[in-house]
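The structure appears below as C-alpha cells.
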Amino acid sequence: MANYPETERRLHAREFVLKEATIIAGAVRIGCSVRNQHEQGAELRVAADTEIPERFLLEVPADDMTYRALVRWRRNDRIGVALYSNAPRG
C-alpha cells in the first residue's frame, strides 16, 4: 500500500497566525488563541478540558472584529470553527 500525502479538503487556504481571542457565550468569557484563519473559518487553541458551546461569539482584538462562530470539530486543545458572519462590537 502506497503512502500518499493527506488530501487537502479545505476550499480556502488558511493563513497561519497567532492572535489572542476571547470566546463569548452569554456571561462566560474564555481566553483562546487563533492559530490559523481564513474568511470562513479558523482553528482555535483552548485548554483541552474547557467546555465550549456549539455556537458563540469570537472576539479578535487584532482584527478589531467579533465573529459569530460554529464549532465544526474538536481534537484535544484544538477547535475548528466556521465563521459565518460578523457581529457588531459592543
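Quick notes on this structure:
- Semi-axes of the equivalent ellipsoid of region 15-87 are 15, 14, 12 Å, computed as sqrt(5λ) over the eigenvalues of the C-alpha gyration tensor in descending order.
- Applied to region 41-53, the Karplus parametrisation 6.51 cos²θ - 1.76 cosθ + 1.60 on θ = phi - 60° returns per-residue 3J(HN,Hα) values of x, 7, 10, 10, 10, 9, 4, 4, 8, 7, 7, 10, x Hz, with x for Gly and Pro.
- Each of 70, 58, 32 was scored by the projection of its Cα onto the charge dipole of region 15-87, and the greatest displacement toward the positive side belongs to 70; charges sit on the C-beta of Lys, Arg, Asp and Glu.
- Between residue 75 and residue 55, full extension at 0.36 nm per residue minus the direct alpha carbon distance yields a gain of 5.5 nm.
Read-outs throughout are calculated quantities, based only on the coordinates presented, and are distinct from any laboratory measurement. Because the structure is predicted, anything quoted here is derived from the model rather than measured. Glycine gets a Cβ as well: all are built from the backbone with ideal geometry, and neighbour counts include every protein chain shown.
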